[in-house]
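Here the structure is laid out as structure tokens; the discussion comes afterwards.
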Amino acid sequence: MKTNYFKIVMPTVAILLAIGSSLATHASEKSTLVIKTGYISPIGGWPCSISTLCSSTGTSICTATYQAIKYQAYGKASQGDTVCEIFLFKL
């Protein structure tokens, strides 16, 4: 009986333990990138009239070019807002 236990059961337990511990310690990668719509207000144009894709996190300021002029893009607090004041970053 002891021989069957050590030949069959112990390797099975060791394999199941190895698989279980590898699944328990597997770190899932979560993306913190959230795509936001950024808006620019060109000189002489409507506020928040031209949109571009930006991110809520990053290191570089989100910008968009309109008629060869680069503008900083800002986000809206909610979709119905007419004022763009949320600071955004490049994708």
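Rule-based calculations on the coordinates, nothing more; no lab input. Worth saying up front: this structure is predicted, and the values here are computed from it rather than measured. Cβ: placed from backbone, ideal geometry, glycine included. Neighbour counts: every protein chain shown.
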Open item on the list: Highest mean first, how do 8-19, 57-68, 34-45 rank when packing is the count of other Cβ atoms within 10 Å averaged over residues?
Closed with: 34-45, 57-68, 8-19
- [ ] Using R₀ = 41 Å, calculate the FRET efficiency as 1/(1 + (r/R₀)^6) where r is the Cβ-Cβ separation of Leu91 and Ile15; round to 0.05.
- [x] 0.40
Task: Residues of segment 61-91 with amide N under 13 Å of a point placed 7 Å along Cα→Cβ from Trp46 - done: 81-83
Task: Residue-wise HN-Hα coupling along segment 35-49, computed from phi with Karplus coefficients 6.51, -1.76, 1.60 (Hz; x: Gly, Pro) - done: 7, 10, 8, x, 10, 10, 10, x, 4, x, x, 6, x, 6, 9
- [ ] Would you grab the residues whose amide H sits under 5 Å from the one on Cys62? Only those 5+ places off in sequence or on another chain, please, with H modelled 1.01 Å from N.
- [x] Ala73, Leu88, Phe89, Lys90
Task: Potential extension, Val83-Lys7 segment - 0.36 nm per residue separation minus Cα distance - done: 20.1 nm
